[in-house]
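The values are calculated or read from the model by the stated rules, or taken from the named source; none is laboratory data. Remember, predicted model here, so these are calculated numbers, not experimental data. FYI the Cβ positions are ideal-geometry reconstructions off the backbone, even for glycines, and counts take in every protein chain you see.
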Amino acid sequence: MSAAAPAATDPVEPLDVDLVKRSQAGDTRAFDLLVTRYRSRIYAMTYHLIQNETEAWDLAQEAFIKAWRALPNFKLDAAFYTWLYRIAHNVTYDWLRKKKIQGDGEFDDERTEHRAMPGSRTAPQGFDAPDRAMKRQELGCRIQDAIARLSPDHRQAIVLREIEGLSYEEIAEMMKCSLGTVMSRLFYARKKLQEMLKDTYENPV
Amino acid sequence: MMNEEFRMTKEYPIPKSEVHPRKAWLRAWCFLILSSFLILNSSFCPAQQPAPVPAKKPATDGKVWGALVYATTDAAKLTGSSEKAPENQKDLFGRLGKVFMPYTHFEIIGQHVQDVFREYESWVVPSRDLFLKIDSKGPAPDGGMNLHLQVWREQQVLVKTDAVLHPGSPLFIGGPKWRDGQLLFVLDLAKK
Amino acid sequence: MKTPSDENHDLIRWLDGEMTADERRTFEATLQNDPELAAEAESMRQLSESLKTHLPAEMPVPHADFFNSQIQVRIAQMDLDEAREREKAAASTASWFSWLRMPWLAGAAAAAAAFAIAGLVWTQNSSSGTSTIASTYTPNPAVHAQVFHSSDAQATVLMLDGLEPVPAEKKIVGFRVHRAESDAELATTTLFDENGAVLAVVAMNAKGQPTLLQ
């Protein structure tokens, strides 16, 4: 996956593998450095999947806490970030699934499509809401809005593919579904995004 | 001494149950050992008994060591204080360095060993500018002490906290910045 | 014969570079003969580009320092909880002390033994206790207190952020207090150095603030 941990090229920066070993020995300061190194990427992932800054913040934290607890079992046979990313994805996936069970079918694909009214805003407000409101006219924000209106399954497929650059097989493993389902989800997610952003492309900002 | 009183009053329930016969010899030995221990304590070592507490001396719940530390990245910026950490504060500066990055050089500006009074407030004043107030809230399990702690900067209280201190597990308090570095507190409960 | 689903899959596999070279050649030949499919493919390719451009792979975490410190606090809490569980488990396996339960060791002997064991348990545990901070309150709203345990430093840390710096020109006067005497009636504490000389007297003013008299 393209999201594999970057090897620390700066000689002053400790390598992931060293920080992981120190963390496994109980060094919380080393783990703190790993948190600092990857928090922006993990937070971006949870944010893209949840589209709520407060929840994404909590889930990113949860991911790091789970990683800390699971560290004794991490065999260093994969890059730390790949392993961490998987934990973060599972935490987020569980959260979405619980929300779906508790919810009212809000994320039902068909209904979501009908709810995708031009100008509608389903992305919840968060820490920087006033600032974001100002930027909302920009293409990036329109895309964010469109992503927010996808069903969680479609959103995950898109995020894993377009942002994290995972292969179909990796996505299938992560989402616990078949390759065919991955392809269908990617196809329909893109169709929906095309429809939602049609206006944007016809009348670019 | 608080420790003695705590031992006397703390209850360790002794459950009632039948004892395995094979452990009978162990019982007898332990009883003998305990008895000798008590006899030794009470008869042969009378000087070790705590002297009666004078009426004027207030009761205490333990002792704390408090220090004000200056942390900086540049050894040349240290104030030149000659205070040394007590021997039981092993590698204090190394441990401070692990918490208060990026500071690499530390010095003790002032220090204070203080009885923690049971009924009155106790002041830990390693400097006239920054000091601590402690109110004991009694012993905590496992040799700890419950206390209410306030950090004062002259006549301004910076923080109030409820804490449980254990000997050898100090509190490091990150205080205000000063000159090129930062002022820190260290507070440790002395072993009984 | 290909189903619509297969065609859709071909389209995205082409888009995502998941085709073999042969499949790719075949599909691109199809695109040349099917303007509608070609338009669809181009549109999806553009969308894909936009997504990659506008969805950041990294986003700054709001309140990043707090994010880290909270993780440290939670880890410290978990460590404490686990230590307590271990102590509980250890206590339950320490039942060989149960010989003390015997009826013949009653009265004063039992009390004395309990006292001795209490002392033993005390000594064993006093070295394993970890200091904790249960609550903090900073009267100045600009000041934030963060608590975490550093196992590296074997210390509990209380960070006070947002404090006014002490002016650089101010000289911080350190004391070496050897002992203190408290006068309950006057509510004062007198601090002595190792030679018995008075360093300062802490007294409370009418507002309940400490004043250092020298």
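A quick yes/no check of all residues on (1) farther than 25 Å from B:L189 by Cα; (2) outside any loop (DSSP other than H, G, I, E, B); (3) among the acidic types (D, E); (4) in contact with a Lys or Arg (Cβ under 8 Å, 6 or more places away or on another chain):
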site	(1), (2), (3), (4)
C:A145	no, yes, no, no
C:H149	no, yes, no, no
C:D152	no, no, yes, yes
C:T156	no, yes, no, no
C:E169	yes, no, yes, no
C:A180	no, yes, no, no
C:L186	yes, no, no, no
C:T190	no, yes, no, no
C:K207	yes, no, no, no
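Working only within segment A:172-195, note down all residues that are in contact with an Asp or Glu (Cβ under 9 Å, 6 or more places away or on another chain), of a type in the set (A, V, I, L, M, F, W, C) and facing chain C (nearest Cβ under 10 Å).
A:L179, A:V182, A:M183, A:L186, A:A189
For B:L183, are the conditions met, namely being touching a Phe, Trp or Tyr at 6+ places or on another chain (Cβ under 7 Å), surrounded by 23 or more Cβ atoms within 10 Å (Cβ to Cβ) and at the interface with chain C (Cβ under 7 Å from one of its Cβ atoms)?
Taking the combined requirement at face value, the residue satisfies it.
Of the residues A:A63, A:A67, A:A56, A:A44, which single one is surrounded by 22 or more Cβ atoms within 10 Å (Cβ to Cβ), touching a Phe, Trp or Tyr at 6+ places or on another chain (Cβ under 6 Å) and either within 11 Å of chain C (Cβ to nearest Cβ) or touching a residue at least 12 places away in the same chain (Cβ under 8 Å) (or both)?
Details: A:A63 fails: touching a Phe, Trp or Tyr at 6+ places or on another chain (Cβ under 6 Å); A:A67 fails: touching a Phe, Trp or Tyr at 6+ places or on another chain (Cβ under 6 Å); A:A44 fails: touching a Phe, Trp or Tyr at 6+ places or on another chain (Cβ under 6 Å).
Just a single option satisfies the conditions, and that option is A:A56.
Checking the condition more than 8 Å from every other protein chain (Cβ to nearest Cβ), in contact with a Phe, Trp or Tyr (Cβ under 9 Å, 6 or more places away or on another chain) and buried (at least 20 other Cβ atoms within 10 Å of the Cβ), which residue from B:L92, B:L189 passes?
Working: B:L189 fails: more than 8 Å from every other protein chain (Cβ to nearest Cβ).
After applying the criteria, what remains is B:L92.
So which of C:L55, C:L80, C:L105 ends up being modelled with pLDDT under 80 and at the interface with another protein chain (Cβ under 7 Å from one of its Cβ atoms)?
Checking each option against the conditions leaves just C:L105.
In segment C:54-69, what residues are in a helix (DSSP H, G or I) and either among the hydroxyl-bearing types (S, T, Y) or farther than 28 Å from C:M159 by Cα (or both)? Give the derivation first.
If we filter segment C:54-69 for residues that are in a helix (DSSP H, G or I), which is where we start, we get C:54, C:64-69.
Correct list: C:H54, C:S69.
This table checks each residue for (1) surrounded by 21 or more Cβ atoms within 10 Å (Cβ to Cβ); (2) within 19 Å of C:A187 (Cβ to Cβ); (3) touching a residue at least 12 places away in the same chain (Cβ under 8 Å).
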position	(1), (2), (3)
B:Y120	no, yes, yes
B:W123	yes, yes, no
B:F131	yes, yes, yes
B:S136	yes, yes, yes
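For segment C:169-204: of the residues being at the interface with chain B (Cβ under 7 Å from one of its Cβ atoms), among the hydrophobic types (A, V, I, L, M, F, W, C) and over 24 Å from B:E107 (Cα atoms), which is surrounded by the most Cβ atoms within 10 Å (Cβ to Cβ)?
C:V202
Per-residue answers, yes or no, for (1) acidic (D, E); (2) surrounded by 15 or more Cβ atoms within 10 Å (Cβ to Cβ); (3) under 30 Å from A:S40 (Cβ atoms):
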{"position": "C:L15", "(1), (2), (3)": "no, yes, yes"}
{"position": "C:A21", "(1), (2), (3)": "no, no, no"}
{"position": "C:T26", "(1), (2), (3)": "no, no, no"}
{"position": "C:Q32", "(1), (2), (3)": "no, no, no"}
{"position": "C:E36", "(1), (2), (3)": "yes, no, no"}
{"position": "C:A39", "(1), (2), (3)": "no, no, no"}
{"position": "C:L51", "(1), (2), (3)": "no, yes, yes"}
{"position": "C:P56", "(1), (2), (3)": "no, yes, yes"}
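Against the conditions (1) more than 30 Å from A:S23 (Cα to Cα); (2) at pLDDT below 90; (3) in contact with a His (Cβ under 9 Å, 6 or more places away or on another chain), where does C:M204 fall short? Just the number, please.
So C:M204 meets the others, but not (3).
Do you know which residues across segment B:97-111 are more than 7 Å from every other protein chain (Cβ to nearest Cβ) and under 18 Å from C:L160 (Cα atoms)? Write out each step before concluding.
The initial filter retains those residues of segment B:97-111 that are more than 7 Å from every other protein chain (Cβ to nearest Cβ), namely B:97, B:100-108.
Listed by number, the residues that qualify are B:G97, B:F100, B:M101, B:P102, B:Y103.
Taking segment B:63-88 as the region of interest, how many residues are closer than 26 Å to A:D32 by Cβ, assigned to a loop (DSSP other than H, G, I, E, B) and modelled with pLDDT of 90 or more?
Residues meeting the conditions: 1.
Return yes when B:L132 is more than 7 Å from every other protein chain (Cβ to nearest Cβ) and either under 13 Å from the mean Cα position of the chain (by Cα) or part of a strand (DSSP E or B) (or both) and no when it is not.
The answer is yes for B:L132.
Identify, from the list C:V166, C:V157, the residue that is buried (at least 17 other Cβ atoms within 10 Å of the Cβ), in contact with a helix residue (DSSP H, G or I) (Cβ under 6 Å, 6 or more places away or on another chain), within 7 Å of another protein chain (Cβ to nearest Cβ) and modelled with pLDDT of 75 or more.
Details: C:V166 fails: in contact with a helix residue (DSSP H, G or I) (Cβ under 6 Å, 6 or more places away or on another chain).
The conditions single out C:V157.
Pull up segment B:147-158, narrow it to residues that are more than 9 Å from chain C (Cβ to nearest Cβ) and either surrounded by fewer than 22 Cβ atoms within 10 Å (Cβ to Cβ) or not in a strand (DSSP E or B) (or both), then point me to the one that is modelled with the highest pLDDT.
B:Q150
The conditions are (1) at pLDDT below 90; (2) under 27 Å from A:I147 (Cα atoms), and A:D77 fails exactly one of them. Which is it?
Unmet for A:D77, out of (1) at pLDDT below 90; (2) under 27 Å from A:I147 (Cα atoms): (2).
Looking at (1) more than 8 Å from chain C (Cβ to nearest Cβ); (2) touching a residue at least 40 places away in the same chain (Cβ under 8 Å); (3) not hydrophobic (A, V, I, L, M, F, W, C), which is the one condition that is false for B:Q114?
Of (1) more than 8 Å from chain C (Cβ to nearest Cβ); (2) touching a residue at least 40 places away in the same chain (Cβ under 8 Å); (3) not hydrophobic (A, V, I, L, M, F, W, C), only one is false for B:Q114: (1).
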